[in-house]
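Worksheet: the structure to be examined is printed underneath.
The values are calculated or read from the model by the stated rules, or taken from the named source; none is laboratory data. What you are looking at is a predicted structure, and each value in this text was computed from that prediction instead of being measured. Note: ideal-geometry Cβ built from the backbone for every residue, glycine included; neighbour counts use all protein chains shown. Remember, those area values only see protein heavy atoms, side chains included, never the ligands or the DNA or RNA. Shrake-Rupley method; radii C 1.70, N 1.55, O 1.52, S 1.80 Å.
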Amino acid sequence: SLERCVTHELHQIQTLKLVMAKGNGKHDDDGSGGRTPFFVVAFLLFIALLTLVTRSHTSEVGPQRKPVARPYYGKGTRPPVGDPSDSSNPPPPPPPVGDPAVEKARHDATVQKVAATAKKEFTDLKKMLETYWKGEAILADSWAFPPTHPEGIKFYAEKIARALEHGLPLTVGVIGSSVAAGHDNCAYDSFENQLQRTMEKAMSNSGIKFTVNNAGQGGGCGDNMFNQVWCLRAMVGDKTDFTFYSWTYFEAGQPPIALKNIHEAFIRWSLLMERAPVPTLVYAGDRVAGDLEGLFKQYAKFGFNAVSIRGGLMKHGQDKAPSWGDIGDSLHTTTRYGETANETRKKSLGVFYRNWHPGPLGFQVVADAIAWRFCTAALLAVEMLQAKKTFPKEPDLISTSALGKSTCVDQQDPLFEAKYCDVEEPPNCINHEIPTFGRPQVVYSQKSDNLNPMVANLVEDLEEKKNGPSSLIPRDEKKGAECMHADVCRGYRSDFMTYRLPRMSTGFIKVCCVNWGKCGERLKLATFYLDSTKLPPPKQESRPEKCVIVEEVFQHQQSTGGHFYLSINMTTAPDVYISHVIAQ
């Protein structure tokens with residue numbers, strides 16, 4: 001009972017006190033004055049109370065659980081590993097968090113699940129496209145060269161496989177003229193936006209964020225491929241996986257050598273970017289421009305190809321080009337999404353060519369041909385993953401040695417030297433026009449930059465000038481926000497400007513202005529300085545006229561492996577607004 005416990009504990013305390021007193025040679029009750037230290041008594045009382053509470057608790061919760069009887073496993077044997085009856089033989093501990101084997105197994109299982117989903121999604125999309133176009137022939141023949149070239153489609157597929165395995169985004173970047181910008185149409189109907197919507201469901205359900213960035217710029221800014229390709233990296237961004245080039249009408253009448261140079265530059269500078277995007281040329285007619293056979297032979301293994309709006313249709317039913325404003329593509333009278341639109345919109349979406357600009361139905365052909373190639377590559381990517389092939393999260397950079405020696409040649413008009421192709425990285429640029437999606441490698445200097453030798457002359461505050469968005473939209477569609485075009489001409493000026501140029505390899509410097517009132521003729525009147533060295537007057541280009549060549553190669557300053565400062569005294573160049581600064 002509780003009373004007996006208390007009596008017992010007090011007796012124990014008294015006994016201990018007597019023992020300790022004897023050890024000291026004294027008794028409390030013999031008159032000798034011996035005393036037990038207070039802290040000893042307190043400690044003993046604490047032990048007694050702790051014992052009392054423990055026993056009291058035990059009496060409340062009931063009797064102790066009986067030991068579990070051990071099963072008999074036979075003479076001379078031990079219980080199996082993990083038997084609960086054997087405390088000396090516990091079950092193995094769970095694998096530690098982050099165990100490589102466990103993480104790999106989990107990763108592999110996830111990848112196989114994603115691959116199975118992707119297989120269904122891209123099979124369904126590919127089947128839909130082929131049903132819509134009565135087979136694959138029109139889609140495949142829209143390409144100038146076999147779109148399933150073994151090495152090329154493998155390079156394409158590896159990008160998609162990497163994205164599927166690691167849940168990475170895939171980004172398409174487009175540069176070009178008003179055809180790329182989608183002018184004379186609602187922007188919603190451009191080939192880029194149609195491609196985005198066609199691919200979105202399959203990509204998203206497969207765990208991939210798919211984005212098409214359209215940096216197309218209308219001809220009103222005075223640009224063409226001979227200045228825009230130099231700004232490829234700044235315009236589409238380093239994180240781009242597929243690049244597209246579209247300058248159909250600007251290529252007409254150009255010297256064949258000039259076209260070949262800029263095509264090869266586009267291909268090589270694309271592949272030298274951070275993610276080695278697959279380069280593709282896009283044409284608004286039934287054929288491609290220039291001699292692409294040699295380029296395909298050299299760069300097919302990197303997925304290079306060219307696609308045209310009428311190439312496949314011309315071989316399979318569309319005998320002649322539709323006239324401006326004609327409805328239909330020989331198989332359809334409107335786009336897929338136009339089938340549920342109101343009659344006015346449905347008719348607008350059935351236009352193949354508005355004028356020289358393709359209409360929505362024409363854009364659908366090229367968007368579907370590109371989507372079909374994506375599906376073909378995605379299904380190959382699935383095969384790779386299901387065969388347990390793995391891919392690093394970041395692709396390997398491609399070197400110039402892997403690309404091989406370029407076939408670029410020296411050209412005077414427009415100026416181009418073979419050495420511009422055989423570089424280790426794409427050119428550097430700042431493009432003030434809108435839109436751009438990359439980070440500019442050239443930057444405007446600030447007063448705080450004490451390394452600038454001309455900082456005392458710098459006018460930090462810039463004057464901006466730009467026009468409004470393009471109004472080239474069908475009349476009945478101008479009110480829709482989704483129809484507004486993104487491209488805008490824009491430039492900056494001050495009396496004395498300085499741009500900081502990054503490390504250069506050839507010394508080439510080109511500066512362009514917004515093409516208002518033949519700006520190139522006034523820009524060549526400006527005074528240019530490289531660091532603090534005054535340069536000879538620049539040479540105005542004829543393609544495009546808005547640009548001047550400041551330096552062709554290193555002439556007045558040698559490469560230091562570091563950056564340079566390009567300063568421009570604009571006081572002698574009135575009403576000139578800088579749009580591009582290019583350095584290589």
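Of the numbered criteria (1) free of Cβ contacts under 8 Å to residues at least 12 places away in the same chain; (2) crowded, with 23+ Cβ neighbours inside 10 Å, the one Ile267 fails is (1). Within region 150-159, not a single residue is modelled with pLDDT of 95 or more, of a type in the set (Ser, Thr, Tyr), open to solvent by less than 20 Å² (accessible area, probe 1.4 Å) and in a loop (DSSP other than H, G, I, E, B).
The rows are residues; the columns are (1) under 27 Å from Arg336 (Cα atoms); (2) of a type in the set (Asp, Glu); (3) surrounded by 15 or more Cβ atoms within 10 Å (Cβ to Cβ).
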{"position": "His107", "(1), (2), (3)": "no, no, no"}
{"position": "Asp124", "(1), (2), (3)": "yes, yes, no"}
{"position": "Trp133", "(1), (2), (3)": "yes, no, yes"}
{"position": "Asp141", "(1), (2), (3)": "yes, yes, yes"}
{"position": "Thr148", "(1), (2), (3)": "yes, no, yes"}
{"position": "Ala163", "(1), (2), (3)": "no, no, yes"}
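For region 262-286, a tally of residues being more than 27 Å from Leu313 (Cβ to Cβ) and not in a helix (DSSP H, G or I) returns 6. Among helices (runs of 4 or more DSSP H) entirely within region 168-261, having at least 2 residues that are closer than 23 Å to Leu349 by Cβ and open to solvent by 30 Å² or more (accessible area, probe 1.4 Å) singles out 191-205. Taking the conditions (1) closer than 27 Å to Glu541 by Cβ; (2) touching a residue at least 24 places away in the same chain (Cβ under 8 Å); (3) not charged (D, E, K, R) in turn, Gly182 satisfies each one other than (1).
Can you name the residue in region 369-427 that is of a type outside the set (A, V, I, L, M, F, W, C) and crowded, with 19+ Cβ neighbours inside 10 Å and, of all such residues, is nearest to Ala118 (Cα to Cα)? Write out each step before concluding.
First, pick out the residues of region 369-427 that are of a type outside the set (A, V, I, L, M, F, W, C): 373, 376, 383, 386, 388-390, 392-396, 399-401, 404-407, 410-414, 417, 419-420, 422, 424-427.
Next cut, crowded, with 19+ Cβ neighbours inside 10 Å only: 373, 376, 406, 414, 420, 426-427.
Details: Arg373: 15, Thr376: 12, Ser406: 37, Pro414: 46, Tyr420: 41, Pro426: 34, Pro427: 37 Å.
The extreme case among them is Thr376.
The set of residues in region 513-540 that are among the hydrophobic types (A, V, I, L, M, F, W, C), in contact with an Asp or Glu (Cβ under 8 Å, 6 or more places away or on another chain) and not in a loop (DSSP other than H, G, I, E, B) comprises Cys519, Leu530. For Phe508, the criteria (1) in contact with a helix residue (DSSP H, G or I) (Cβ under 6 Å, 6 or more places away or on another chain); (2) closer than 28 Å to Ser178 by Cβ; (3) not polar (S, T, N, Q) hold in every case but one, which is (1). Residue pairs whose Cβ atoms lie under 7 Å apart, sitting 6 or more positions apart in sequence or on different chains, and linking a residue in region 405-416 that is free of Cβ contacts under 8 Å to residues at least 40 places away in the same chain to a partner that is of a type outside the set (Asp, Glu) and surrounded by fewer than 17 Cβ atoms within 10 Å (Cβ to Cβ), are Asp410/Ala418. Looking only at residues in region 463-476 that are modelled with pLDDT under 95 and either touching a Ser or Thr at 6+ places or on another chain (Cβ under 7 Å) or of a type in the set (Ser, Thr, Tyr) (or both), the one that is least open to solvent (accessible area, probe 1.4 Å) is Ser470. A count restricted to region 79-104 and to residues that are open to solvent by 60 Å² or more (accessible area, probe 1.4 Å) and either within 19 Å of Lys388 (Cβ to Cβ) or modelled with pLDDT of 95 or more (or both) stands at 4. One residue stands out among those in region 489-519 that are among the charged types (D, E, K, R) and out of contact with any strand residue (DSSP E or B) (no Cβ under 7 Å at 6 or more places or on another chain): the one that is nearest to Met454 (Cα to Cα), which is Asp495. Checking Ser330, Ser348 one by one, the residue that is among the polar types (S, T, N, Q), at pLDDT 95 or above, more than 27 Å from the chain's Cα centre (by Cα) and surrounded by 13 or more Cβ atoms within 10 Å (Cβ to Cβ) is Ser348 and no other. Residues of region 382-420 that are more than 21 Å from Ala105 (Cα to Cα), part of a loop (DSSP other than H, G, I, E, B), among the hydrophobic types (A, V, I, L, M, F, W, C) and over 24 Å from the mean Cα position of the chain (by Cα): Cys408, Val409.
Residues in region 122-147 that are more than 20 Å from Gly285 (Cα to Cα) and without any contact (Cβ under 8 Å) to a residue 40 or more places away in the chain: Lys127, Met128, Thr131, Gly135. Under the condition of being part of a strand (DSSP E or B) and open to solvent by less than 20 Å² (accessible area, probe 1.4 Å), which residue from region 477-495 is nearest to Met570 (Cα to Cα)? In this case the residue turns out to be Gly491. The single condition among (1) surrounded by fewer than 23 Cβ atoms within 10 Å (Cβ to Cβ); (2) aliphatic (A, V, I, L, M); (3) in contact (Cβ under 8 Å) with a residue 24 or more places away in the chain that Leu535 does not meet is (3).
Confirm whether Arg500 is of a type outside the set (A, V, I, L, M, F, W, C), open to solvent by 10 Å² or more (accessible area, probe 1.4 Å) and assigned to a strand (DSSP E or B). The answer is yes for Arg500. In region 281-298, the condition of being of a type outside the set (A, V, I, L, M, F, W, C), open to solvent by less than 10 Å² (accessible area, probe 1.4 Å), farther than 20 Å from Asp141 by Cβ and touching a residue at least 60 places away in the same chain (Cβ under 8 Å) is met by no residue.
Residue by residue, here is whether (1) touching a Gly at 6+ places or on another chain (Cβ under 7 Å); (2) at pLDDT 95 or above; (3) of a type in the set (D, E, K, R); (4) surrounded by fewer than 23 Cβ atoms within 10 Å (Cβ to Cβ) holds:
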position	(1), (2), (3), (4)
Arg522	no, yes, yes, yes
Phe528	no, yes, no, yes
Ile549	no, yes, no, yes
His563	no, no, no, yes
Ser567	no, yes, no, no
Pro574	no, no, no, yes
His580	no, yes, no, no
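Does Ala456 fit the bill of being over 32 Å from the mean Cα position of the chain (by Cα) and either surrounded by 14 or more Cβ atoms within 10 Å (Cβ to Cβ) or among the hydrophobic types (A, V, I, L, M, F, W, C) (or both)? The answer is yes for Ala456.
For region 312-327, a residue qualifies if it is surrounded by 19 or more Cβ atoms within 10 Å (Cβ to Cβ) and modelled with pLDDT of 95 or more, and the qualifying residues are Gly312, Leu313.
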